[in-house]
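Coordinate-derived values only; no laboratory data. Remember, it's a predicted structure, so these values are computed and weren't measured experimentally. So basically every Cβ, Gly included, is an ideal-geometry build from the backbone, and we count neighbours across all protein chains shown.
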Amino acid sequence: MSPAPDGFVPDGFVPDGFVPDGFAPVGFRASGFTLVEMIATITIVAVLSVFAGPSMTASMARHRVQDAASDLRAVLVKARADALMLNGDISVLPIGGDWAAGWKIPDPLNSGKYLQTHEATRAVAITLSGAPTVTYRFNGRMRDGVGIKFNVQSSVAGISTAKCIVVDPSGRPYTQDGVCGG
């Protein structure tokens, strides 16, 4: 039914396609979420987060230790290769006396310059035992023929994880799981 040509609209007449605010056309269902569905979804996400939180914390600590140990091992391999290539002594030094603050390889040919610098590690403690410094001789072996050990650890929320980097007297670094022994 359409309105009369003179513009007269009878009472109760609704033009085609017109839907008053707050009403849906017949056969059409409104889309979206109800309040109950939204609260149920938020509750499920909250419960899952409570269980996943500790697991995620342990995983983050494990990855931080793994990344720091891998980076330190890589710089030791590089320093050894540089000592062989340059046929001279190469040292790896902690920044500010703290291995966790980062490390650097001074350039033996250009005073004040560095072959490589590594930034600080986050939430990871790194300690050196076996020798006061890390120096590779021209032949790739450790100075004084003494092996060293780096202990790389992190303890977050009561969860502790560690890796040990052992550098034998020949200068080759090896990574082991757990705290360094002896």
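Note on the stretch 35-177: Cα Rg divided by 2.2 N^0.38 Å, N the number of residues, gives 1.41. The charge dipole of the stretch 35-177, taken about its Cα centre with unit charges on the Cβ of Lys, Arg, Asp and Glu (plus for the first two, minus for the last two), comes to roughly 360 debye.
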